[in-house]
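This report refers to the structure that appears directly beneath it.
The values are calculated or read from the model by the stated rules, or taken from the named source; none is laboratory data. Only a predicted model underlies this, so the values are computations on that prediction, with no experimental measurement involved. Methodologically, a virtual Cβ is constructed for each residue, glycine included, from the backbone with ideal geometry; neighbour enumeration extends over all protein chains shown. Accessible surface is based on the protein model in full, side chains and every heavy atom, while ligands, DNA and RNA are left aside. Shrake-Rupley method; radii C 1.70, N 1.55, O 1.52, S 1.80 Å.
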Amino acid sequence: MQWYQYVFIIVVFLIIAFAIAKSNRKDVALEFNKLVELLGGKDNILETELEMSRFKVTLKDITKANKEGIIKLGAQGVVEIDDQLKIIFGNDAKQLKKYIRELK
């Protein structure tokens, strides 16, 4: 085989690898939009805090929050305390706080 055939095979392999990686990546903005809806909309969110991997949100009306939907979206847990939800999101918690801050 000539050297250009090896280069061609490597390029094709890289394109396939890139396509697979891109298809596995979640659309974070879309999921964050869904989460804001599940929290009752951006007008229902009064305050947000970050505690390690937990995202703490204070809501105007806690009854508008869909805790089951939040868990289906990928939260590892949701705890309700008065008008607050503590949502365990892992590494996405910091990105989520920034996203919600930019919405307001």
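Quick notes on this one:
- Long-range neighbours under 9 Å by Cβ, at least six apart or interchain, first residue among the β-branched types (Val, Ile, Thr) within the stretch 47-63, second open to solvent by 90 Å² or more (accessible area, probe 1.4 Å): Thr48/Arg101; Val57/Leu46; Val57/Glu47; Thr58/Leu46; Thr58/Glu47; Thr58/Asp82; Ile62/Asp82
- Each residue in the stretch 49-60 was checked for being open to solvent by less than 60 Å² (accessible area, probe 1.4 Å), touching a helix residue (DSSP H, G or I) at 6+ places or on another chain (Cβ under 6 Å) and at pLDDT 90 or above, and 1 of them qualify.
- Looking only at the stretch 1-48, and only at residues there that are open to solvent by less than 50 Å² (accessible area, probe 1.4 Å) and polar (S, T, N, Q), the one that is modelled with the highest pLDDT: Asn44
- Filter result for Ile70 (in contact (Cβ under 8 Å) with a residue 24 or more places away in the chain, open to solvent by less than 30 Å² (accessible area, probe 1.4 Å), in contact with a strand residue (DSSP E or B) (Cβ under 7 Å, 6 or more places away or on another chain) and not polar (S, T, N, Q)): yes
- Residues within the stretch 73-89 that are buried (at least 16 other Cβ atoms within 10 Å of the Cβ) and assigned to a loop (DSSP other than H, G, I, E, B), tallied: 2
- In the stretch 95-104, the residues that are under 14 Å from Glu47 (Cα atoms) and open to solvent by 40 Å² or more (accessible area, probe 1.4 Å): Lys97, Lys98, Tyr99, Arg101, Glu102, Leu103, Lys104
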